1. Applying a 10 Å radius around every beta-carbon, put B:115-122, A:83-90, B:15-22 in order of their mean neighbour count, most first.
2. With each run of n ≥ 4 DSSP H residues scored as -39500 (n - 2.57), what mean residue ellipticity at 222 nm is computed for the protein assembly as shown after dividing by its residue count and rounding to the nearest 500 deg cm²/dmol?
3. How large is log10 I(q)/I(0) at q = 0.07 Å⁻¹ when the Debye formula is applied to the Cα atoms of the protein assembly as shown, each weighted equally and without solvent?
4. Which distances, shortest first and in nm, link B:Asp365 to the matching position in the other copies, using label points set 7 Å out along Cα to C-beta?
5. Counting Lys +1, Arg +1, Asp -1, Glu -1, what net charge surrounds A:Phe163 among other residues with beta carbon under 11 Å of its beta carbon?
6. At 7 Å along the Cα-to-beta-carbon direction for both A:Glu48 and A:Leu97, put a label point, then send me their distance in nm to one decimal.
7. Using a probe radius of 1.4 Å on heavy atoms only, what accessible surface per residue do you get for chain A? Whole Å² is fine.
8. If you average the C-alpha positions of the range A:221-253 and of the range B:48-125 separately, how far apart do those two centres end up, in angstrom?
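The values are calculated or read from the model by the stated rules, or taken from the named source; none is laboratory data. None of the values given here were measured: they were computed from a predicted structure. Using ideal geometry, Cβ is built from the backbone for each residue, glycine included, and neighbour counts are taken over all protein chains shown. Surface areas here come from the heavy atoms of the whole protein model, side chains and all, with no ligands, DNA or RNA. Shrake-Rupley method; radii C 1.70, N 1.55, O 1.52, S 1.80 Å.
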There are 2 protein chains.
Amino acid sequence: MAEALPRSPLAQPLPTLVPVAGVRLGAIAAQIRYKDRPDLMMMTFAPETTVAGVFTRSKCPGAPIDWSRAALAQGKARALVVNSGNANVFTGRAGILATQITAASAARVAQCAATDVFLASTGVIGEPLDAERISAAMPALHDRLSADGWEDAARAIMTTDTFPKAAIRKTRIGDTEITLQGIAKGSGMIAPDMATMLGFVATDASLPNEVLQSLLSRGCNRSFNAITVDSDMSTSDMVLLFATGQAGNTPVTSAEDPALAAFREALDSLLLELALMVVRDGEGASKLFSVRVTGAVSDDSAKRIALAIGNSPLVKTAIAGEDANWGRIVMAVGKSGEAANRDTLSIAIGGTWIARQGTVVDGYDETPVVAHMKGDEIDIMVDLGLANGHARIWSCDLTHGYIDINGSYRS
Amino acid sequence: MAEALPRSPLAQPLPTLVPVAGVRLGAIAAQIRYKDRPDLMMMTFAPETTVAGVFTRSKCPGAPIDWSRAALAQGKARALVVNSGNANVFTGRAGILATQITAASAARVAQCAATDVFLASTGVIGEPLDAERISAAMPALHDRLSADGWEDAARAIMTTDTFPKAAIRKTRIGDTEITLQGIAKGSGMIAPDMATMLGFVATDASLPNEVLQSLLSRGCNRSFNAITVDSDMSTSDMVLLFATGQAGNTPVTSAEDPALAAFREALDSLLLELALMVVRDGEGASKLFSVRVTGAVSDDSAKRIALAIGNSPLVKTAIAGEDANWGRIVMAVGKSGEAANRDTLSIAIGGTWIARQGTVVDGYDETPVVAHMKGDEIDIMVDLGLANGHARIWSCDLTHGYIDINGSYRS
């Protein structure tokens with residue numbers, strides 16, 4: 001199916017990718033599900049590499065999620081193995097065994113402990129993953145790893161994605177130049193028989209695990225955890241950040257260290273760029289939209305309201321139809337269950353305030369809003385007029401393409 | 001738009017409707033929004049009529065919701081006025097004034113207090129409702145009220161509905177024969193520029209307000225509050241139950257009175273029949289599906305899990321595609337945030353157990369499930385294997401029709 005999908009109209013070109021010191025990577029066709037395309041990706045990392053991770057909050061996570069959570073607790077990363085085509089979810093004891101076989105075969109070629117191997121899988125749910133195919137392919141895969149394998153890696157993890165996703169930042173810690181580079185995949189925020197959101201970022205910075213985790217968790221809250229395509233959370237979502245320490249920057253012991261200001265900003269903007277690529281490749285998406293909520297009782301409340309708007313099928317279909325249907329935004333605020341007061345609510349689209357304090361503005365002229373709705377990127381602002389809580393999320397419209405992709409029989 | 005929509009393939013014929021002693025009703029074309037069709041409906045009730053109501057939990061309710069909530073607190077009902085075409089929501093002070101004008105004009109012709117008049121509106125949000133058109137039409141409307149106006153009333157409250165919705169039950173309280181009859185409208189659980197869920201039920205039973213409220217609240221939890229079309233809660237949802245007392249049954253003072261057993265059952269099944277008609281007329285619906293969840297930690301938890309499944313765009317598109325994609329059900333359980341354990345989870349479709357205890361059943365044969373998926377009514381069962389909480393909800397599939405109806409510009 002993935003091959004047949006037309007490239008998203010919101011697709012972005014791949015940037016020029018560079019080596020990240022301490023990272024070697026590549027991909028191979030292991031025939032896991034797809035024919036004649038690389039579906040197994042590996043990265044290896046220099047010995048002192050630190051790692052941070054965020055994982056799906058699903059109560060039914062896949063076996064690779066369990067494995068990588070446990071590996072993260074060990075705090076060291078020497079290898080990452082990702083397969084596409086089979087998510088290894090809801091596969092019981094056979095699924096656990098498949099993660100053990102995969103990690104052991106990777107540890108053998110990478111000459112490390114199995115607990116230093118991270119795993120991710122994406123693809124169909126409920127079918128046993130044939131890990132023997134992975135271990136059989138592992139030696140040949142390891143032989144072809146190189147510092148220049150980033151694009152191959154970005155392509156190997158795709159499922160229903162219509163374009164490969166990568167982003168790069170150059171920044172500094174103190175006087176040391178630092179590289180940050182990452183890849184991601186995802187097209188439905190989730191479509192569990194064929195898609196999942198995965199992100200892998202590497203840097204040559206030297207940073208302790210705790211610092212890395214703090215930076216990643218905060219960055220993901222405003223990027224990967226602030227996007228939605230269809231409100232359906234995957235069983236397999238995972239974002240990992242690896243720091244190889246090869247740049248040799250001066251030691252940093254706290255995420256709040258002023259020396260990290262530029263790095264933090266670079267990481268945040270890289271995570272957001274990758275996350276927005278996932279929305280741009282949202283199944284059937286023709287428009288990207290952002291929802292900014294201000295004046296809420298808390299930031300959390302603002303985010304829940306923003307997500308209620310971003311996930312509303314009626315808001316999403318209105319955007320697909322280029323309809324400035326602000327009544328549906330009122331509805332979504334109302335259904336969120338969060339504190340809101342109809343009579344202090346204001347709504348703007350494309351920077352034009354349509355409603356203020358609970359009613360349409362006097363002499364509201366729809367012309368600039370109609371023009372804005374015809375664009376590729378739609379901007380919605382909601383002010384609740386209650387307090388100072390604010391948040392921003394990104395979503396895409398709901399079109400016939402989504403139904404086409406998800407309403408067809410698995411084949 | 002409403003006129004152009006093809007009749008739902010899941011539509012049901014109107015039953016033979018009968019008078020309910022103490023109720024007179026009818027409709028008229030008041031030119032509120034639609035041309036050449038009745039869009040204003042009125043019911044009047046005998047002097048001692050009691051009333052119960054349930055309302056939207058939206059934080060941005062329409063002015064008629066505020067009005068009817070206040071009227072309910074007074075506890076007496078002499079009239080109900082419903083207009084279609086304009087929801088009178090997010091209309092500020094002008095909206096409040098419109099409810100006052102409407103209620104006053106109804107009180108005049110019905111010779112009652114304005115606080116005994118209930119109001120409901122459905123239609124576009126954010127446009128001022130011209131209440132003068134309603135009060136101008138009121139005398140002619142009142143003149144044509146009759147005991148036989150039920151079908152006219154059911155048609156007058158339609159918006160994007162593709163068939164009129166009514167249901168009837170005959171039951172007994174003690175030795176007294178009782179009639180229960182109701183009408184409803186709704187097509188999206190909500191589509192705030194043109195649709196809203198409304199239900200109005202009348203009975204000739206004699207029952208105090210508290211008893212009526214208890215029966216209605218409980219009945220709605222298992223019917224109108226257990227259905228979803230698109231997860232979008234309206235600003236205007238309302239179900240009212242009127243009891244005219246004309247049947248002259250022996251007095252009842254508690255909802256738990258054994259004399260009410262048959263009446264309770266009749267009311268519950270009538271509410272469910274009306275609620276399912278709304279799902280059958282769900283925007284774009286081609287299949288009705290039910291989700292039964294057992295083994296949850298509580299009934300509330302079971303209901304939230306059932307709704308997570310029923311609202312999942314991926315589950316809904318799979319059903320549209322006749323795809324027994326049980327991996328998406330696992331995903332929806334996982335994303336619900338409710339207590340669940342992957343390894344005790346079991347899933348059945350059409351009575352066939354597909355997965356038990358966290359993995360697909362040995363030798364699972366998809367044939368009977370594939371056959372079931374081709375039908376109009378799909379049955380999903382999920383057992384969590386944790387405790388005894390259970391719930392059942394109903395939803396419909398997500399098709400191109402939904403996008404067609406909601407992605408087009410308001411016109």
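1. Answer by packing, highest mean first, reads A:83-90, B:115-122, B:15-22.
2. -9500 deg cm²/dmol
3. With no solvent term, the Cα-only Debye profile gives -0.56.
4. With the label placed 7 Å along Cα→Cβ, B:Asp365 yields 7.1 nm.
5. On the way: positive: A:Arg7, A:Arg155, A:Lys165, A:Lys185, A:Arg280; negative: A:Asp161, A:Asp281.
Spelling it out: positives minus negatives among the neighbours equals +3.
6. Once both label points are built, they end up 4.1 nm from each other.
7. With the other protein chains kept in place, chain A gives 34 Å² per residue.
8. 51
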